[in-house]
Amino acid sequence: MSRKKNVRMPSGEVVPVVPDKLDPELFTVVGRNTARMESISRPSLTFWQDAWRRFKKNKPAFIGMILLALYIILAIFAPMLSKYSYTAMDAANRNAGPSLVHWLGCDDTGRDIWVRMWMGARVSLTVGFFAAFINAVVGAILGGLCGYYGGALDMIMMRIVDVLYGIPSLIITILVMVVVGRGVHTLIIAMCIIGWIGSCRFTRGEVYRLKNQDYVAAAKVLGVRDFIIIVRHIIPNIMGMLVTNLCMAIPGAIFQEAFLSYIGLGIAPPNCSWGILAKEGIKLLRVAPHQVLFTAFFICTTMLSLTMIGDGLRDAFDPRLRGTE
Amino acid sequence: MGKYIVKRVIAAVITLLVLITVVFFLVRLMPGEPFTSEKLNPIVKENMIKYYGFDKPLIVQYFQYLGNLLHGNLGYSMKFTNKTVNYIIGSTFPYSADLGLRALAIALAFGLLLGILAALNRGNKLDVFCVILAIIGTSIPDFIMGAFLQLVFGIKLKWLPVAQYTDFKHTILPSLSLAFYTMASVSRTMRASMLEVVQQDYIKTARAKGLSNLRITWKHQIRNAIMPVITIMGPTVAAVLTGTFVIESMYAVPGMGKYYVDSTNNNDYSMILGMTVFYGAFLIFCNLLVDILYGVVDPRVRVGK
C-alpha cells in the first residue's frame, strides 16, 4: 500500500504529512475497560418512547396538540365560567358584533356566541372523538379478522360492507332516532353503524400484507398460535397506522355531524353544535358575518390541529424515517 | 380479463339485490307514511294507497318492485305524484353529472399538479405552499367553503353570479366549492405517494442507467405513484357525479342532491329506493372501473393472468 507522505503546498514547499518516525513517548497505554466496553451508551427506547420523542420534535404536530387540548379545556370550562347561559336571549343585543361584554358577539336572538361556541364544541368534539374511536376499534377488529383468516369469512364480510356502503346514511340516522330518541348518543350510534367500514377496509389490507411477511411465516413454522401471532407480531406493526387513521377519522366524524345538523337531523334546539352554529351563521351571512366567521375559524383550526397531529403521528410511527430529522 | 369482469358483474348484481332488499324493508320502518303530509281527501288517499299497492302484503309489494325493476321501471314518486322516478333521475342527473365532471376535472388537474410539484420540491417554499393548501382544503366543511366563495366573489366583489346553473359563468363557483376538498385530498395522496416511490430501487436503477430526470419522473415515478390516487377516486367519482345536497342547494343547481334529503324527509319510498339503486349501481361500476384501471396502469396487478 503506497501512501503519499509529502504534500506540495501552493507556495511550492514540500511538507511531510506523516512524520517519518513517531516518538513512542507521545503515547500512553490506557488498557481495556471491560466494564464500559459492553455498556450501552444511549438509553434504549421502546417503540412508543421513540415515537413520542420524534413526535415532540415535529413542531406543527406539537402545536396542533396544544391547540386541541386548549379547545377541550375551553369546551369544558368556558360555559361554566361565563355569566351568560347558552339559551338566554337578549333582544337589545341582536346580531351584535364582538365586544368586551359579548366576546364573540351575539346571534340573531341575542344569545352569547362565545358560550354557544363552546357548548357546540362539547357536542361536536364528543361526537367526533367517540364515533371515530368506536369506528376505529370495531373496524380494526373486523378488518383484522378478515385480513388474517381470509376465505369465506372475508368474502361474506366484504359483501356486507358493500351493501352497508350503499344504504343511504340519512335512513340509518332517522331509524336510530326512532329507536333511541334525539341526542348526542343518536348521532354517535348512527355514525357507528356504517362508519367502521373505512377502517375495516384499511386494516384488512394492512393485515393481508403483513401476514405474508417472512417473520409471520417464521412464527408459524415455530408453531406459534394464531392469537399470539396477532397480538405479538401483527398488532404492534399496524398500531401506528391505526392511531394515525383514528386521528384522521375524527375530522370526518365532525364533518358528518355538521352535515346532519345542517340538514336538520342533528341534535334538537336550543342545544347547539358547530354544525348548527354554522347553519345559523350562513343564514345571517350578509347581516352579521361574524357568527359564521368565528364558527368557521374554530371548526377549521380544530381540523387543522387534528390533521397536523395525524401527519405528525404518521411520521413518528414510520421507522423508515427514524434518524432522518 | 373477460372472465374476471363477468364474475365481478355477477357479484355486483347480487350485492345490489341485497341492498335493494335491505333498503326496501328499512324505509318502511321509518316513522310516518308517504301520503300523510298532504291535506288529502280520505277517499283520494284510499285510492292512492290502492294505486301504489300499499294494501297488498309487503312481500307481494317487494316482488312487484323487483319485477318492475327488471324492466328498468323505478315506479312513480310518491311526493311528486305525476312524475316517475326514472323521469326525475333522468332530468336531474345531467346537471349533477355536469357539475361533478367540472369539479373532478379541476380537482384532478390541480390536485395532481400540486402533489407532483410539492413532492419534486420537497422541503422548499413551493412544497410548504402546496401542503398548507391541501390541509386547508381538507379542513373546511363544504357548506362553509361554498358560503365564503359566495360572499367574497359573488356578493362583495360581484365578479360571479351566486345562484342558478345556466351558462359557464354560473358553473364556476359551484364547481370550485365542490372541487376544493377532492383537490386537496388528491394532492395530499399524490405527494405522499411520490415521496414513497422515489425511495424505491427501480428509481435508483433508472438513475444509474442515466435516464434524464424528466423521463424518470414521468415514466417511473408518476406512473407508480398514481395508484393510490386511483384507489380513492372510485368512491369519490360516484359521490361527486351523483350530486351533493349542500353545494347544489346553496347554488340552486337543479341536480339530484336535494332528492336524497327530500325523499327521506317525505317518506317517498319509491324515490329513496330509486336513488339507492342508481347510486349503488354507479358506485359498483366506478369501483369495477378502478380495478380495471389498476391493470392498465400497473401490469403487475393485471387480473386474470
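The values are calculated or read from the model by the stated rules, or taken from the named source; none is laboratory data. On a predicted model such as this, the values are computed, not experimentally measured, just so you know. As a convention, Cβ positions derive from the backbone with ideal geometry for all residues, glycine included, and neighbour counts pool all protein chains shown.
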### Task
Within segment A:112-128, track down each residue that is surrounded by fewer than 24 Cβ atoms within 10 Å (Cβ to Cβ) and among the basic types (Lys, Arg).
A:122
### Task
State yes or no: is residue B:118 modelled with pLDDT of 85 or more, surrounded by 13 or more Cβ atoms within 10 Å (Cβ to Cβ) and over 27 Å from the mean Cα position of the chain (by Cα)?
no
### Query
So which residues in segment B:217-230 are surrounded by fewer than 18 Cβ atoms within 10 Å (Cβ to Cβ) and either among the basic types (Lys, Arg) or in contact (Cβ under 8 Å) with a residue 12 or more places away in the chain (or both)?
B:219, B:223, B:227, B:228, B:230
### Query
Taking segment A:205-229 on its own, how many of its residues are modelled with pLDDT under 85 and hydrophobic (A, V, I, L, M, F, W, C)?
1
### Query
Which helices (runs of 4 or more DSSP H) sit wholly inside segment A:25-121 and have at least 3 residues that are under 21 Å from residue A:275 (Cβ atoms)?
A:59-81
### Query
Within segment A:43-83, restricting attention to residues that are more than 20 Å from residue A:248 (Cβ to Cβ) and among the aromatic types (Phe, Trp, Tyr), which residue is surrounded by the most Cβ atoms within 10 Å (Cβ to Cβ)?
A:47
### Message
I'm trying to understand the selection: among the residues of segment B:17-34, which are part of a helix (DSSP H, G or I), within 8 Å of chain A (Cβ to nearest Cβ) and in contact (Cβ under 8 Å) with a residue 60 or more places away in the chain?
### Response
B:19, B:23, B:27
### Query
Of the residues that sit in segment B:240-256 and are assigned to a helix (DSSP H, G or I) and more than 11 Å from chain A (Cβ to nearest Cβ), which one is nearest to residue B:197 (Cα to Cα)?
B:240
### Task
Tell me the helices (runs of 4 or more DSSP H) entirely within segment B:142-213 that contain at least 3 residues that are crowded, with 22+ Cβ neighbours inside 10 Å.
B:142-149, B:168-197
### Task
Tell me, please, whether a residue that is under 21 Å from residue B:243 (Cα atoms), charged (D, E, K, R) and part of a helix (DSSP H, G or I) can be found in segment B:75-85.
no
### Query
So which residues in segment A:176-193 are more than 20 Å from the chain's Cα centre (by Cα) and touching a residue at least 12 places away in the same chain (Cβ under 8 Å), if there are any at all?
A:176, A:177, A:182, A:183, A:184, A:186, A:187, A:189, A:190, A:193
### Message
Can you confirm whether residue B:177 is touching a helix residue (DSSP H, G or I) at 6+ places or on another chain (Cβ under 7 Å) and farther than 30 Å from residue A:280 by Cβ?
### Response
no
### Query
On the given criteria, is residue A:178 at pLDDT below 85 and out of contact with any His (no Cβ under 8 Å at 6 or more places or on another chain)?
yes
### Query
Counting just the residues of segment B:35-59 that are among the aliphatic types (A, V, I, L, M) and touching a residue at least 24 places away in the same chain (Cβ under 8 Å), which one comes out surrounded by the most Cβ atoms within 10 Å (Cβ to Cβ)?
B:48
### Task
Check whether at least one residue in segment B:125-134 is within 14 Å of another protein chain (Cβ to nearest Cβ), part of a helix (DSSP H, G or I), touching a residue at least 40 places away in the same chain (Cβ under 8 Å) and β-branched (Val, Ile, Thr), and report yes or no.
yes
### Query
Which of the residues spanning segment B:262-291 are within 8 Å of chain A (Cβ to nearest Cβ) and within 12 Å of the chain's Cα centre (by Cα)?
B:279, B:280, B:283, B:284
#### Entry: Check on residue B:5, under 30 Å from residue B:293 (Cα atoms), within 14 Å of another protein chain (Cβ to nearest Cβ) and either part of a helix (DSSP H, G or I) or touching an Asp or Glu at 6+ places or on another chain (Cβ under 9 Å) (or both)
no
### Query
Out of (1) farther than 20 Å from residue B:239 by Cβ; (2) within 14 Å of chain B (Cβ to nearest Cβ); (3) assigned to a helix (DSSP H, G or I), the odd one out for residue A:171 is which?
(1)
## Note on the structure
Exception for residue A:194 within (1) in a helix (DSSP H, G or I); (2) within 14 Å of another protein chain (Cβ to nearest Cβ); (3) touching a Leu at 6+ places or on another chain (Cβ under 7 Å); (4) surrounded by 19 or more Cβ atoms within 10 Å (Cβ to Cβ) falls at (4)
### Query
Does any residue of segment A:20-29 turn out to be surrounded by 15 or more Cβ atoms within 10 Å (Cβ to Cβ) and free of Cβ contacts under 8 Å to residues at least 40 places away in the same chain?
no
### Query
Just to be sure, is residue A:131 part of a helix (DSSP H, G or I), surrounded by 16 or more Cβ atoms within 10 Å (Cβ to Cβ) and in contact with a Leu (Cβ under 6 Å, 6 or more places away or on another chain)?
no
#### Entry: Residue ID - surrounded by the fewest Cβ atoms within 10 Å (Cβ to Cβ), chosen from residues in segment B:251-271 that are among the charged types (D, E, K, R) and farther than 26 Å from residue B:160 by Cβ
B:262
### Task
Inspect segment A:213-228 for any residue being polar (S, T, N, Q) and within 14 Å of another protein chain (Cβ to nearest Cβ) and give the result as yes or no.
no
### Query
In segment A:282-294, what count of residues is obtained for those that are at the interface with another protein chain (Cβ under 8 Å from one of its Cβ atoms) and crowded, with 22+ Cβ neighbours inside 10 Å?
2
